Structures are given as C-alpha cells and as structure tokens.
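Beneath this line is the structure, given in structure tokens, with notes to follow.
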Amino acid sequence: MIESESRDCNEGEEYVGLVDFVAEGDEQLSFSVGDRLLVHDRSSDVWWWAEMQGHFGYVPSSYLHQRTEDMEDAWQDDEYFGNYGTLRLHLEMLSDKPRTETYRQVILSNSAALREKVVLDLGCGTGVISLFCALLAKPAGVYAVEASSMAEHTEELVKQNGCDGVVTVFQERAENLTLPTKVDVLVSEWMGNCLLFEYMLESVLLARDRWLKKGGMMWPSSACLTIVPCQAFSDYRQKVEFWENPYGLNFSYLQSLAQKEFLSKPKFSHHLQPEDCLSTPADVITLDMVTIQVSDLERLKGEFTFTVEKSGMFHGFTVWFSAHFQCLEEDGPSIELNTGPYSEITHWKQTLFMLDAPVSVEEGDIIAGSIRLQRNPIWRRHLSITFLWNINSTEVSTVKTKCFPMWR
C-alpha cells in the first residue's frame, strides 16, 4: 500500500494521461491516454493523489503531463517545418540511394500509365519525385506541395530543369491546400522512424480524402512494420556494463542510473547485423493506404510469436518498416522499399528497443507478445511504443512490459 503525506482535496491542478494505466489495487486510479485528471497531492515524486470523474486514487506521476494555457503548439510546426526549410535533412534523404531510386523506379516502371494523369506530390521537399514524374512519365500535370520555406527553392529547381510547364509548386500545408483539380495519383515519402514518427501520414490521409479521385492510386500503397528479437552486445556493453569496472574502479552503483538514462528510449539509426537476429522477422502491423483513417493512427497494435532459431542473449527488439508500391496497370509487378537489415541500408536504418536487462534464450524458445503504438495526446508528432512479452509461458503473471517514449 502506498502512503501519502496528505489527502486534503485542494482545488487541484489539471493533468492529462500520456499512456494507459491500469490500477493494481483499490488505492490506485485507472486512466487512459488523453484522460484529464485533477492532481491534489504531489508530495511523493513517484505517486500522486488524483481525482477523475469523482473517483480518487494514486497515479504514477511519470504517466501524466500538466495542461497549461500557454501549452506549446501541439504540432510543433515552427520547429518541424523549420528543419525541412534547410538543406541538412534534404541532403540526408537525397543521399539515400535505395529510398530515392525506389521512387524513381516506381515512376519509371509506371511511365506509360502515368501519361496524361495528374499527380500530387505531397511534402515534395526539393521536388525530386515531381521532377521524376515530369521527365520520365509526361503526365498532364504535377502538383508539388511543400509547407516549408524550401518550396521557394523547389520552384527554381523546377524551372532550372525545364519542368515548369508541367510541375506547379504550392507552398502550403495539406490541411489548407487548394488545388485546381482532383488527382489520379498521390505520391508522398511520409514514413518516419518506426513508420509513424512525426505523423506526416495524417496530412497524407487528409489530402487523400479531399483530392484523390475515386479509384485513384496511393504511393506507397501499403506499409508494414516489422520486428525481431535481437542481440545488442555492443550497445549493452557501452552503456551498462561499462560502469562495472572503469579504470579499475567499482562504479556499479551507477548501473541502475545508466539503465534508466540510456535504455529508456529507443535508439534511432541502429544498424542491426543479420547475425544478431534471434528469429525470423515478422510483420506485425500493415497499413492499407486506401482504407486507413486518421482516427486509426491514435493506437495501432500488433501481435507476435517468435521461435528462437539460435541460442544467445535477448537484449531487445529491433523495428523497421517496408513500403509497397502497387502498379497502375492491373496485375503489374509491385515495388518494395525495405529498410530492414537484409536490404541495402537507408538513412532510416533500424530502431532498437532494449530490455532493462538481457535474458539468455535457447534455440526453440518461444517469445510471444504484442507491440502497441500510442500517439501522444499532446505533442501530435510524437508517440510511445509499448512491448509486452513473455518467454515460454502463457501465464499472465509472467508477462513483461516496457514503454518507450518517442520522444515525449
């Protein structure tokens, strides 16, 4: 039982739930993502006394965020579009040959079918996909839409490449976009780390619903999130084991702090070696770009069952995605962009989620569980990813869980 120094119900301060919390006793209060609670007592750093809809109980402080009148822009647009208004990110993306060549190949392989079609390139950046369309496919028109200040430079690039008769640049957010006509194809490179990070996909879906003709084509046409249990000896050695005996000194006291600091968030740009995969990877979530709705993005869940194929240390899970481009011609071949460890490396690489402590596993062991992507109810470009898993057990009491914020 958790004690509180005071239960005096003052007016309270309003907080919002960042993740779901299920009470484990009568003294605790359950709540869901986005629920509003009044916190009356914060005398403990870990557990606060709160109220929701007339019910009172203890809640974990780290699961809440205070609502304020001057809360920062939920979409952080100034920062987001500011980053895309400079060349740094565009250099990274254009230098990613597997990414850029995949889009080029999609346009080239569909060039005949794209003739006299109208194409919307949403989030066009420097306009490379729009230029591919104009030069390789001869469409009726291409609407290159970019919300950041890069649009001014994109317009010049379109002229420099002699495509201003086909490509029209619009500097506008998708939510405020007005186009001359609906389009036959909507193409976009919206994918972020773990597929959803930054949630550009919402803008793509809003544009789809407003501007894509009935029966029109979405590129990508679908996307999959893939995971695998893995080893990560180097990362664990550098971040946790390092503190055991640096320079002959016993620093093991700091290991729990290191664990909290270094293993509580995912590691972006992780390069997983195929030999560190403990099992065959599995697609756990698939998005159909024709049918998925904006509301579906709030929470996505997938389940997995892995059979360990070689004995080793289970350090965590590695996640990546693939995007699939359907052919405009019926029964034509599709094209895939895969960001996994068995494909040519991309600027996304993979994302590593480490357990608090590694677990020894043997060939034939079963690792089963689920992954949940929960959108942040306040900062709309961010999310949390929660893993639930157990090893060789179906007992609820043996299930382990860990939640990783990306980034808030």
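The values are calculated or read from the model by the stated rules, or taken from the named source; none is laboratory data. Keep in mind it's a predicted model, so treat the numbers as computed, not measured. Note that we place each Cβ from the backbone using ideal geometry, even for glycine, and neighbour counts take in every protein chain shown. The protein model used for the area step is the full one, side chains on, heavy atoms only, and it has no ligands, DNA or RNA in it. Shrake-Rupley method; radii C 1.70, N 1.55, O 1.52, S 1.80 Å.
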Worksheet item: With respect to the numbered conditions (1) open to solvent by less than 80 Å² (accessible area, probe 1.4 Å); (2) under 19 Å from the mean Cα position of the chain (by Cα), which one is the sole condition not fulfilled by residue 216?
Response: (2)
Discussion item. From the list 286, 307, exactly one residue is surrounded by 13 or more Cβ atoms within 10 Å (Cβ to Cβ), of a type outside the set (Asp, Glu) and touching a Cys at 6+ places or on another chain (Cβ under 7 Å). Which is it?
Written reply: 286
Response to the item:
Considering residues that are among the acidic types (Asp, Glu), open to solvent by 20 Å² or more (accessible area, probe 1.4 Å) and under 23 Å from the mean Cα position of the chain (by Cα), the number found within region 95-153 is 1
Practice prompt. Output yes when any residue across region 183-203 is of a type in the set (Phe, Trp, Tyr) and at positive phi, and no when none is.
Written response: yes
Discussion item. Can you report the number of residues in region 174-218 which are in contact (Cβ under 8 Å) with a residue 40 or more places away in the chain and assigned to a loop (DSSP other than H, G, I, E, B)?
Written reply: 12
Worksheet item: surrounded by 20 or more Cβ atoms within 10 Å (Cβ to Cβ), under 23 Å from residue 267 (Cα atoms) and not acidic (Asp, Glu) - does that describe any residue in region 388-398?
Response: yes
Fill in: Selection count, region 356-381, where residues are of a type outside the set (Val, Ile, Thr), surrounded by 20 or more Cβ atoms within 10 Å (Cβ to Cβ) and under 17 Å from residue 267 (Cα atoms)
1
Worksheet item: Which one of 347, 324 is over 30 Å from residue 255 (Cβ atoms), in a strand (DSSP E or B) and either of a type in the set (Phe, Trp, Tyr) or open to solvent by 10 Å² or more (accessible area, probe 1.4 Å) (or both)?
Response: 324
Worksheet item: Counting only residues that are of a type in the set (A, V, I, L, M) and in a helix (DSSP H, G or I), how many does region 357-408 have?
Response: 1
Worksheet item: Got at least one residue in region 251-264 being surrounded by 13 or more Cβ atoms within 10 Å (Cβ to Cβ), free of Cβ contacts under 8 Å to residues at least 12 places away in the same chain, assigned to a loop (DSSP other than H, G, I, E, B) and not polar (S, T, N, Q)?
Response: yes
Worksheet item: Within region 327-335, is even one residue assigned to a loop (DSSP other than H, G, I, E, B) and crowded, with 17+ Cβ neighbours inside 10 Å?
Response: yes
